[in-house]
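Data first, discussion second: the structure below is written as C-alpha cells.
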Amino acid sequence: MEPIYYTILAYVMGSIVGVWLAYRYATERAVQDTLNILVDEHYVRARILANGDLDLIRLPVKYRKKI
C-alpha cells in the first residue's frame, strides 16, 4: 500500500475512535447531570450506599401521578 493510504486509514480510524469516546463521555455526563438535578429538586428520592453508589428509591403510591 502507498503511504497516502496509511495516512487516510489512520485519519479515519482516529476519527471513529474520537467520535465513539466523545459519545460515551457525553452520554455518561448527561445521565449523571439529569439524575443529580432530579435528586436536588426532590423529584426522586435517593440514598448513597456504602460503596458510594447512588440508589434511587421508589416513591410511595400516594405521591405518584397518573399520566
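The values are calculated or read from the model by the stated rules, or taken from the named source; none is laboratory data. None of these values were measured; they are calculated from a predicted model. Quick reminder, even Gly has a Cβ in these numbers, built from the backbone with ideal geometry, and neighbours come from all protein chains shown.
Restricting to segment 1-47, name every residue that is modelled with pLDDT of 95 or more and on the phi > 0 side of the Ramachandran plot. Scanning segment 1-47 gives no hits.
Pairs linking a residue in segment 23-42 that is part of a helix (DSSP H, G or I) to a residue that is modelled with pLDDT under 90, with Cβ atoms under 6 Å and 6 or more positions apart or on different chains, are Leu38/Val44; Val39/Ala46.
Scanning segment 43-67 for residues that are surrounded by 10 or more Cβ atoms within 10 Å (Cβ to Cβ), touching a residue at least 12 places away in the same chain (Cβ under 8 Å) and either outside any loop (DSSP other than H, G, I, E, B) or not hydrophobic (A, V, I, L, M, F, W, C) (or both) turns up Arg45, Leu54, Leu56.
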